[in-house]
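The values are calculated or read from the model by the stated rules, or taken from the named source; none is laboratory data. Owing to the predicted nature of the structure, the values given are computational and were not obtained by experimental measurement. With ideal geometry, Cβ positions are generated from the backbone for all residues, glycine too; neighbour counts draw on all protein chains shown.
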Amino acid sequence: MSQNKVAIVGIVVLLGACSLFEYHPYETNVAYRNLNAKAIERIAKSVNDKDTITVISIGDSQRFYDELEDFVQSANQQRADFVFLNGDITDFGIKDEYEWIHDIMKKLTIPYVAVIGNHDLSGNGEEIFEKMYGPLNNYFVVNRHKFILLNTNGREYHFNKKIPDISWLQEQLTSNDTFDHATVVSHIPPFDSDFDLSLEHDYVAALQSSEKVKLSLHAHKHTFKDTIPYSDGIRYLVSTSMDERMYLIIKIYGDQYEYKKVYF
Amino acid sequence: MKRLIVVLGMLCCITFNSVSQSLNRRWYMPDFLTAQYAGSIGFISGGAGYEIFRKKAGVELLVGVVPGFIDSAPLETINLKFTGSIINVKINEAVTLTPLTAGLFFCYTPGIEYSSDLPSWYPEGYYWWSEAVRVNIFIGGHVSAMTDRFGRSRKVQAYYEIGTNEIKLVSYIQNSDALTVWNILHAGIGVRYFFSDIHR
């Protein structure tokens, strides 16, 4: 009997070890953990006290794996400090997709930081994102510049007036002596119909009143957009989806910035 | 959902008892019971089914669970599976090998967080797939043997299957450079216990 038990335990361990055995497409035990925290640690070391921070902004890698591989090759030729993968990392929010994306993105020679998109919330995507990348609202400060990552996927929460979390955003933008300038990074721009439009004014007002923000980075629309829609000098830059084979490379120095489009 | 699993479990017990104890098999009584490990429908799943097309195929209803100790997001599924035998090799009087089967199943995952239709606050066609329903195709194989272990002559079967679902398949088709077929495949294994004692 005990021999049988040993055999059963052995079989279960073997089966568990074989990655072909999937319990459900929505299983959440993703292979990679806390990637944003690890990336931020690397960024802090590499940027250190450089005058200029060089950021690559992309989004909507969903189901464009071949194109994403080409992006990684192209980005590795640039002298950038890190990449923002600004939402819709996946198409269906399943664990396999999250892992496929990271298996490609880990070939980058520089770190990347992921932001949650509406597609990433499908199925159990929210839980997988939290395990794999960390909190949906997050921030980090390098060289006295604060980058604020924000969940703006209001439609996914039935426009419950809580997404984006405005009070958290205001708190992050409140002056303290850790940063001089800030950039907000989120998937859906506030002028899009998938943004909770009851919070559009509050979002814009939070950025304006802080007097710290010159740039708001987005994706979601699948086409490039450069706009200053609220006549307040705050520029909203929307990256294309990966099938458009374009990314933005943004140089930030003090309260100044410049950007260019790169096609690959 | 838990109630559903209990009801199905009771049904299986009743079926098992009535079928094994009486010779008057009712028409609706299933031909076999199934237990499965993995296969994208649960950590474990169980159910019952019928042999169809002169026992060349089977159709079965399976309830699967991913319990909380396996994954922090517990799941339940209800599945309708069709499996057809393509090649059969009779090894001896007691054992038949079926090296190739093919089939498909529909996996329904209940829960308010998994919508089967697009909820009303989305524009029409916003997402083209259903969160709750997956369509899977697979190939596999099984080996069947007659045994007297259960007090009378019974057929038992061990099977495996390997396949994919529609959302992984569409990901692979569009990305044949970045993804390999092994990226999208998933596998399951299981056993079936047949009430019939006639070995084909």
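Give the residues of region B:27-46 that are in contact with a strand residue (DSSP E or B) (Cβ under 8 Å, 6 or more places away or on another chain), surrounded by fewer than 24 Cβ atoms within 10 Å (Cβ to Cβ) and of a type outside the set (A, V, I, L, M), sorted by residue number. Explain how you work it out, then say what you get.
Taking region B:27-46 as the starting set, the residues that turn out to be in contact with a strand residue (DSSP E or B) (Cβ under 8 Å, 6 or more places away or on another chain) are B:30-46.
Checking the rest, the ones that are also surrounded by fewer than 24 Cβ atoms within 10 Å (Cβ to Cβ) come to B:30-35, B:37, B:43-44, B:46.
Across region B:27-46, the qualifying residues are B:PRO30, B:ASP31, B:PHE32, B:THR34, B:TYR37, B:PHE43, B:GLY46.
Looking across region B:147-165, the residues that are more than 10 Å from every other protein chain (Cβ to nearest Cβ) and surrounded by fewer than 17 Cβ atoms within 10 Å (Cβ to Cβ) come down to B:THR147, B:ASP148, B:ARG149, B:PHE150, B:GLY151, B:ARG152, B:SER153, B:VAL156, B:ALA158.
Close Cβ contacts (under 6 Å, 6 or more residues apart or on different chains) running from residues in region B:100-119 that are within 14 Å of chain A (Cβ to nearest Cβ) to residues that are acidic (Asp, Glu) comprise B:TYR114/B:GLU131; B:SER115/B:GLU131.
Quick check: anything in region A:4-19 at pLDDT below 95, part of a loop (DSSP other than H, G, I, E, B) and out of contact with any Gly (no Cβ under 8 Å at 6 or more places or on another chain)? Scanning region A:4-19, I find at least one residue that is at pLDDT below 95, part of a loop (DSSP other than H, G, I, E, B) and out of contact with any Gly (no Cβ under 8 Å at 6 or more places or on another chain), so the answer is yes.
Against the criterion of being assigned to a strand (DSSP E or B), surrounded by fewer than 15 Cβ atoms within 10 Å (Cβ to Cβ) and touching a strand residue (DSSP E or B) at 6+ places or on another chain (Cβ under 8 Å), B:ILE137 qualifies.
Of all residues in region B:107-147, those that are of a type in the set (Asp, Glu) and closer than 24 Å to B:TYR50 by Cβ total 0. Determine whether region A:83-95 contains at least one residue that is of a type in the set (Ser, Thr, Tyr), assigned to a helix (DSSP H, G or I) and within 16 Å of the chain's Cα centre (by Cα). Looking through region A:83-95, none of the residues is of a type in the set (Ser, Thr, Tyr), assigned to a helix (DSSP H, G or I) and within 16 Å of the chain's Cα centre (by Cα). Would you call B:SER144 polar (S, T, N, Q) and either in contact with a Phe, Trp or Tyr (Cβ under 6 Å, 6 or more places away or on another chain) or away from chain A (no Cβ under 14 Å) (or both)? Criteria met by B:SER144. With respect to the conditions (1) surrounded by fewer than 18 Cβ atoms within 10 Å (Cβ to Cβ); (2) closer than 15 Å to A:ASN151 by Cα, A:LEU169 lacks only one, and its number is (1).
Would you confirm whether or not region A:195-212 contains a residue that is buried (at least 16 other Cβ atoms within 10 Å of the Cβ) and in contact with a Phe, Trp or Tyr (Cβ under 6 Å, 6 or more places away or on another chain)? Within region A:195-212, one or more residues are buried (at least 16 other Cβ atoms within 10 Å of the Cβ) and in contact with a Phe, Trp or Tyr (Cβ under 6 Å, 6 or more places away or on another chain). Among the residues of region A:38-65, those identified as in contact with an Asp or Glu (Cβ under 8 Å, 6 or more places away or on another chain) and assigned to a loop (DSSP other than H, G, I, E, B) are A:LYS50, A:GLY59, A:ASP60, A:SER61, A:GLN62, A:ARG63, A:PHE64.
Would you say A:ASN138 is polar (S, T, N, Q) and surrounded by fewer than 24 Cβ atoms within 10 Å (Cβ to Cβ)? The answer is yes for A:ASN138. For region A:90-100, state whether one or more residues are small (Gly, Ala, Ser), within 12 Å of chain B (Cβ to nearest Cβ) and touching a Gly at 6+ places or on another chain (Cβ under 8 Å). The answer is yes; a qualifying residue exists. Applying a threshold of 8 Å to beta carbon distances and a minimum spacing of six or more residues, or different chains, the list of pairs starting in region A:60-71 at a residue that is within 8 Å of another protein chain (Cβ to nearest Cβ) and ending at one that is among the hydroxyl-bearing types (Ser, Thr, Tyr) and crowded, with 23+ Cβ neighbours inside 10 Å reads A:ARG63/B:SER171; A:TYR65/B:SER171; A:LEU68/A:SER61.
Considering region A:110-163, and only residues there that are closer than 30 Å to B:ASP117 by Cβ and among the small types (Gly, Ala, Ser), the residue that is farthest from the other protein chains (Cβ to nearest Cβ) turns out to be A:ALA114.
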